[in-house]
Amino acid sequence: MDRKELRQVLRLPHIIALYVGSVIGSGILLIPGLTAELAGPASLIAWLAMSILVVPMAVTMGLLASRHPSSGGVSHFVRLAFGRHYGNLVGWLFLLSVPIGGPVLAVTGAQYVAVLLGWGSMETYILALLIFILPLVMNGFGLKLAGRVQMIVVALILGILLLAICTSVPHYDAAHFTPFLPHGGLSVFQAAALMFWCFIGWEAVTHLSAEFVDPKRNALRGVIWSAGIVAIIYFAVAFMNVATRSYGQEEGSATSLSAMVQLTLGPAGGWIVAAAALFICFAAHNAYSSAASRIALTLAREGAAPRWMGTLNGKYGTPVGGLGFIAAGGILALCVLGSGAVTLNELIALPNATFIATYVGGCLAGFKLLRDDRIGRLASGVSLVVTVALYPFLGWPAVYPLAVVAVAAFWRKRHTGWLARKKGTDFIAAPEDGEAPKL
């Protein structure tokens with residue numbers, strides 16, 4: 001081969017850890033309390049429904065990854081189903097989510113520590129910068145190292161969350177489940193829409209499937225194990241949050257996990273939750289930065305991104321060009337957040353919108369590519385209905401993915417002729433998969 005290849009180093013435990021780490025993100029810190037305040041104990045119906053509905057999404061992504069392993073992930077699936085242009089559009093949707101979503105995760109984790117230490121904005125954002133940069137540096141040294149670290153981090157996350165669940169059991173009170181539906185049936189659907197943020201992440205690890213050991217076997221096994229672990233953890237946390245009525249406290253429902261832990265452990269519980277926040281945000285950012293750097297590599301090889309974004313590290317074979325792009329965009333996003341120009345709640349809506357749009361594209365591709373698999377076709381069809389139904393409830397952030405698509409289409413129209421003259425090929429007519437241009 002005239003170019004360096006990605007190495008198959010991720011075994012089943014690494015894959016499960018990456019999936020769990022990418023799905024159990026900042027949502028576990030925020031959403032259980034917010035949905036309980038929105039729908040009361042009936043929010044548990046939404047948690048149960050979403051825990052079930054997420055399985056078809058996970059299975060769709062797992063089947064696609066096992067059949068078509070590629071660093072392009074969802075964009076590769078869309079490319080196979082509908083052509084390079086649409087695949088590249090989905091690739092950019094995912095890629096542009098991470099330089100925004102990564103800083104959101106980093107600031108979320110840093111704020112939990114800052115509250116305990118009484119830090120100001122400067123110290124908080126310095127810690128956020130460290131949380132954001134460290135996974136990028138780790139990924140620069142290869143996914144074998146990142147996968148091992150992810151296993152340790154995910155084990156710590158699960159341990160802390162299990163501690164929170166178990167220590168809250170003595171404070172269970174059945175009276176907290178009445179009234180069960182205090183805000184009407186519509187509130188349950190609103191809560192379900194809010195919960196989608198908690199279950200985003202299945203698409204992220206598909207970008208790493210080219211580096212799975214035995215992807216045809218391990219991709220689907222990894223996603224099934226992960227879906228079960230995630231569903232149990234989320235529902236257990238949400239259930240005990242309601243059972244102890246830790247939401248709606250003076251500190252706010254967004255910190256209900258901390259309130260739940262402190263019922264038994266007191267102030268020390270705040271430090272436990274702060275540690276959990278750091279681990280959770282680190283693990284999620286690690287998984288997403290790994291995935292996004294690979295999609296940058298694929299886009300560069302397809303001729304849909306600048307060539308420097310496809311640069312590989314000569315020693316470790318890692319996509320340092322993509323990691324550099326994420327680092328530059330993320331630092332800019334941190335500066336915008338630190339300036340107060342936008343709030344964290346406003347910024348988080350943008351990657352949420354692009355992630356759901358990415359799911360829509362992936363489900364459409366799955367419906368076509370898995371047509372000979374009854375389970376795959378059913379899973380992708382159910383997932384497509386769920387994602388399309390939720391998209392209108394995004395509000396104004398739904399415009400962001402449409403804007404990305406419009407700009408990409410405009411760029412293609414304006415630059416196709418210029419690139420054809422310069423490179424002797426059309427902008428979209430890149431080499432076939434597996435025959436990438438020299439870097």
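No lab work stands behind these numbers, since they all come straight from the coordinates. Here the structure is a predicted model, which is why all the values come from computation and not from measurement. We place every Cβ from the backbone using ideal geometry, glycine too, and count neighbours over all the protein chains shown.
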ask   = What ranking do ARG67, ARG371 get, fewest neighbouring Cβ atoms within 10 angstrom at the top?
value = ARG371, ARG67
query = Fewest to most neighbouring Cβ within 10 Å: what's the order for VAL188, VAL399, VAL237, VAL23?
reply = VAL399, VAL188, VAL237, VAL23
ask   = What is the distance in Å between the Cα centres of region 335-383 and region 63-139?
value = 13
request  = Figure the gain on full extension for SER339 and ARG371 (residue separation times 0.36 nm, minus the Cα-Cα span) and round it to one decimal in nm.
outcome  = 6.6 nm
ask   = Which of VAL115, VAL55, VAL273 comes first, and how do the rest follow, when ranked by fewest Cβ neighbours within 10 Å?
value = VAL115, VAL55, VAL273
ask   = How long is the gain from ARG221 to LEU12 if the chain were fully straight, where each residue apart is worth 0.36 nm and the alpha carbon distance is subtracted?
value = 74.5 nm
